[in-house]
Amino acid sequence: MGRVIAMRVLGSVGAVFGATVLAFMIMRVLPGNPARLILGPLATSQAVTALNHHIGLDQPLYTQYWRYISDFFQGNWGYSYSDGASVRKLIGERAPATIELALFSFVITMLAAVGLALLSTYRHRPITDRIVRGASYLGFGTPPFFLALLLLIVFFSTLHILPGPEGRLGVQAAAPAAVTRMYTIDALLAGELGTFWEALKHLILPGLALGISSFSFLVRLLRANLLEVSREPFITVARGKGLRRWTAFRRHALPNAFLPTLTAGGLVLGEFLAGSVLIERVFNWPGVGSLVFDAIVKQDYAIVQTFILLSAVMFVLVNLAVDLLYAVIDPRVRIPTVATA
Amino acid sequence: MDELALSVRNLSTVYDTGGSVVHAVRDVSFDLRRTERLGVVGESGSGKSALALSILGLIEPPGRVVEGEIVLGGRDISKLSDRQLGAVRGKEIALVLQDPSSALDPVKTIGSQIVEALTVHEPDLRRAAVRRRAAELLREVDISQAERRLDDYPHQYSGGMRQRVAIAIAIANNPRVLIADEPTTALDVTTQAQVLALLDRLVDEHRTAVILITHNLGIVSDFCDSVAVMYAGRFVETSGVDHIFVAPTHPYSEALLKCVPNPERLAEGPLPAISGFPPDLSQLPSGCSFAPRCPVGRDLPQCHEQAPVPHRVSGPAGEASVECHFAEQRIREVAV
Amino acid sequence: MSEPSAPVEPIARQPERASQPILQAEGLSKVFEVRGGDRFGRKHPVTVLDDISLTVRRGESFGLVGESGCGKSTLARCLLRLLELSAGRVLFDGVDLTTLDRDELRALRRRMQFVFQDPFASLDPRMTAGAIVEEPLEIHELGDQRERRQAALEMLADVGLTAEQARRRPHAFSGGQRQRIGIARAFVLRPEVVILDEPISALDVSVQAQVLNLLAKLQEQLGLTYVFISHDLAVAEYFCDRVAVLYLGQVMEVADRSALFSDPLHPYSVSLLSAVPVPLAGGRARRTERPQPIGEVGSVIERPPGCPFEPRCPVGRGRDICRAERPPITEPAAGHQVACHFPGEVSVHGARRNGAGTNAGDGDGTAHPGHTETAAQ
């Protein structure tokens, strides 16, 4: 098992290395000289050269790369040329909004996927099953931003039961005392139930819009796994022992069906945490996604580059966590096949 | 030997798959006495596994048992609810399946899977006592270092050992009837011999009646007292075990026995294979379901039009019940 | 069939014609790197085939029998160099396969074909039966498209499938018919040697007979040499002229059919033979009379240093020489080789009459590196 963990960690380091090289190369070949961008079109070529020298763009590539990556891991992510603030500060300010939305969306997506997969596979329910499968197709076919607009039209413009695209809280509401800077959690910590409710209402529509395509993917995966596992002979054996249908299902089908879903869950969480540029845009969500959206428009490459790298690192970390989780909970990974007698 | 352990009457099971209805078990009746070992022989798709699941009430939708009485220890269990059946399954009637690698839950320890078989019927047992009993069961099926090996997972056991565990689970509550569906098919020949010997010992000790489902006539000879040959969902020939090897009366039984490679008959040229295929159970022919492949009745209108009723015949190796229009005539021919 | 006056006999039953070697293994060994076994999961070498020497003669059916993990499928793949050997060599018609480069080997492959056990897995579900049978001709660039199509249809007809069926895809066929397609695909190149890896074990009894008959017919028509892999001794006895018994990657015994099945010399052959259930009256009494096999099939990962069968052997268990020394191969009778320190000391007493048996057991026969079973003590 030690070996398994070592291999996974090593693989993750490799993946991060690959991601950094890729991000580095992409930024070097993209059109637009950063020095020129920083100094503006009227700057002299001497000034551009000087700045190039100052930020090290005239150094050999490997030196540049080394500087770039050691800066990255020390948290020196550079400065946004458009407003001069440090990228670290900009991202730090906006990360809690994205993380809160991601976690909320992840939880409701998982719950909905598990619930519906169970509903459509436990016992033979052809009609429910068909409806669930149809619904999941819908999720696949609908672009998330379109769904976001649809949700806004129905629940905000027409029914007036959920807030519109006004960010994390209504205009009059004040943010709760900052602890985690996730408003729902901070509101609960501060005991401000009103604020909590307000923050939660603001999460619902973007959470749904963000989760829909992953929901479709997860529900189909879970459904297939559950169907497959519930046909396994060991389920029949468990029933043959005298176990009630649900007990046999819960004890033997569920764990075996969920195990392969861990990987998918990790991917989905990673995707959510990386933020959705479009969804945040539609809902005016003040998260990393909106920041990056603006940065792309302004060719603010320090932000974009950091964002790419951060997402890659986070993705790798989430997957590493999933792999390690396997090693802990799946006996077939934990214990070698060849037992020593 | 006279006490009835299980009596099945007119059991029929179908799978309703929307477009077509598959008749997996068709009007099967039989009696199983205490300590009797009945071999059910058939090829894939003959309905033998569906029969096992039907008796246990484990047919899952879209399948369902449409008719029949299953009297176990004097009580008809066919009309019981799933909850009531739960108290019968594993307690009075137990199941061993073919593939030992998939019959155990891969993420639960061997011990917990045996314990479960005990506690489901006796939830008040103390933990230590259940564990002790589980270890005893492992010892009973000849697994050494039983206490320690309770905490192993299935993938740490060999195929033969897994099948022993499956047997331990089945006999945990001393059932009246054990249904074993191809219990040795996935095992090596030498392991198979050991598992049969183990079953021998256990069912003798516990006075268990056994239904052994197999496609292997050799295993029937090695293990069983009586035999039922299953074709297209029906028992086409039932008899004591020797009869089927001495005087196979139904043309299908005879053909099945003959197409087993026999080096003694090398000189006779090609193996007498059965022509054609087993019938589609959703579109059964009228008349005898074996008629299209039958060397006797293939061209006889009677066989294609009229379903044969069971004929009781008496041959050199005992009596048999044969679903063939020509049973009497044939038993005279084969009994030379 | 060249002399019209001579009576036509099945080739497989003509030992006098089966004299020249066509396929020879000399000191063949195969070592896999296997992970696992200790908590660090280090790789370590496992000898799956250990110094195997065999000769397959032209025109015969040569059987390879044994239980799971004996290496029979690995051996078959090594014989065609579908797997690289770790030591030793294989001669095909006098040519050392291990010295050939890729192109030379490819050219030779036409003459050596393989039929797999699983008729479901070995056929591409998207191709029609006709296209599957045509493909080998395409690969070897034989004939033009029309000729290839014609040859494929003829081959399919030979295995009992119609031109109409040639247009169907594998899922439309039964198991037996799929195996026929697999056979047609192997035979369409008119090979000289065909390796049949458990060709009937996945089939129903009644279909097994049909496929065996087909194989015998084709052998007779085409003058083929078969290497027939089986865990089922009765089928091997029925079908093969000579049989090699393998255990844990070593040859235990090689002999003519009649010698092996009536007078087996190796204790492993004996216990294997007596464990096969026979479909004849009185089986239960017979079974309780004969000795129980000892222990479970061992593992190549923990192969005993001496004779691999020693821990389970009714003769040699505990004997010093069997524990310490691998028995040399001796030839007590002409053509009857055995690797045992005490050959012939147990015989199949009473248990065996005529060897009619059925397909007992269903080990898949391949050695599984990294997935091996612990033996019961």
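The values are calculated or read from the model by the stated rules, or taken from the named source; none is laboratory data. All of these numbers come straight from a predicted model, not from anything done at the bench. A quick note on method: Cβ atoms are made from the backbone with ideal geometry, for glycine too, and the neighbour counts reach across all protein chains shown. Remember, those area values only see protein heavy atoms, side chains included, never the ligands or the DNA or RNA. Shrake-Rupley method; radii C 1.70, N 1.55, O 1.52, S 1.80 Å.
Tabulated data
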| quantity | calculated |
| --- | --- |
| Accessible area per residue in Å² at 1.4 Å probe, computed on chain A | 50 |
| Note, ³J(HN,Hα) from phi for region B:53-58, Karplus 6.51, -1.76, 1.60, rounded to Hz, x at Gly and Pro | 5, 4, 4, 7, x, 10 |
| Most positive-pole-ward Cα, A:GLN299, C:PHE239, A:THR261, against dipole of the protein assembly as shown from beta carbon charges | A:GLN299 |
| Rounded percent of accessible protein surface that carbon and sulfur make up, region B:252-334, 1.4 Å probe | 52 |
| Relative contact order [Cα under 8 Å, 6+ residues apart], region B:252-334, whole percent | 18 |
| Under-5 Å amide H pairs with C:VAL115, H placed in peptide plane, nonlocal only | C:ILE195, C:LEU196, C:ASP197 |
| Top positive-direction residue, dipole computed over region A:90-330 with Cβ charges, set A:LEU162, A:THR236, A:THR128 | A:THR236 |
| ³J(HN,Hα), Karplus 6.51/-1.76/1.60, whole Hz, each residue of region B:87-99, x for Gly, Pro | 6, 8, 5, x, 9, 9, 9, 10, 10, 10, 9, 5, 9 |
| Accessible carbon and sulfur surface of region A:90-330 relative to its total accessible area, %, 1.4 Å | 70 |
| Where B meets C: accessible area buried, both sides, 1.4 Å probe, Å² | 4500 |
| Per-residue [θ]222 nm for chain A (sum of -39500 (n - 2.57) over DSSP H runs n ≥ 4, rounded to 500) | -23000 deg cm²/dmol |
| Distance-filtered residues of region B:31-54 - backbone nitrogen under 14 Å, label point 7 angstrom along B:ARG9 Cα→Cβ | B:31-32 |
| Accessible area expressed per residue, chain B, with surrounding protein chains retained (probe 1.4 Å, Å²) | 37 |
| Orientation-averaged projected area, Cα convex hull of region C:194-348 (nm²) | 10.5 |
| For chain B, projected area of the alpha-carbon convex hull averaged over all directions, nm² | 18.7 |
| Relative contact order for region B:1-116, counting Cα pairs under 8 Å that sit 6 or more residues apart, in percent | 26 |
| Dipole moment magnitude, nearest 20 debye, the protein assembly as shown about Cα centre, only Lys, Arg, Asp, Glu C-beta charged | 2400 |
| Global geometry of chain A, whether rounded, prolate or oblate, following the gyration tensor of its Cα atoms and the 1.5 cut on a/c | oblate |
| Segments B:31-43, C:201-213 sorted - mean Cβ within 10 Å per residue, highest first | C:201-213, B:31-43 |
| Interchain or long-range residues, amide H under 5 Å from A:ASN284's placed H | none |
| Region C:171-229 versus region A:34-76: alpha-carbon centroid distance in Å | 71 |
| Spatially near lysine pairs across the protein assembly as shown, Cα under 23 Å, sequence gap of 8 or more or different chains | 13 |
| For region B:90-138, residues shielded by at least 50 square angstrom of accessible area compared with the chain on its own, probe 1.4 Å | B:LEU97, B:SER102, B:ASP105, B:PRO106, B:VAL107, B:GLU116 |
| Zero-based 10 Å bins, Cα pair distances in the protein assembly as shown, whole percents | 2, 9, 15, 18, 18, 15, 10, 7, 4, 1, 0, 0 |
| B:ARG37 long-range amide H proximity, modeled H, under 5 Å | B:VAL210, B:ASP225, B:SER226 |
| Peptide-level mean, for A:247-255, of C-beta atoms on other protein chains within 10 Å | 3 |
| Estimated vicinal HN-Hα couplings, Hz - region A:100-112 in sequence order (Karplus 6.51, -1.76, 1.60; Gly, Pro = x) | 4, 4, 4, 5, 4, 5, 4, 5, 5, 5, 4, 4, 5 |
| Area buried, chain B against chain A - accessible surface, total, 1.4 angstrom probe, square angstrom | 2600 |
| Relative contact order for chain B, counting Cα pairs under 8 Å that sit 6 or more residues apart, in percent | 19 |
| Region B:5-101 shape via C-alpha gyration tensor axes, a/c threshold 1.5 | rounded |
| Structure-based [θ]222 nm, chain B - -39500 (n - 2.57) summed over DSSP H runs of at least 4, per residue, nearest 500 | -9000 deg cm²/dmol |
| Proximal charge balance of B:GLY276 [Cβ under 10 Å; K/R count +1, D/E count -1] | +2 |
| Alpha-carbon centroids, region C:80-98 and region C:109-126: separation in whole Å | 21 |
| Three-way shape call for region B:252-334 based on the alpha-carbon gyration tensor, with the a/c threshold at 1.5 | oblate |
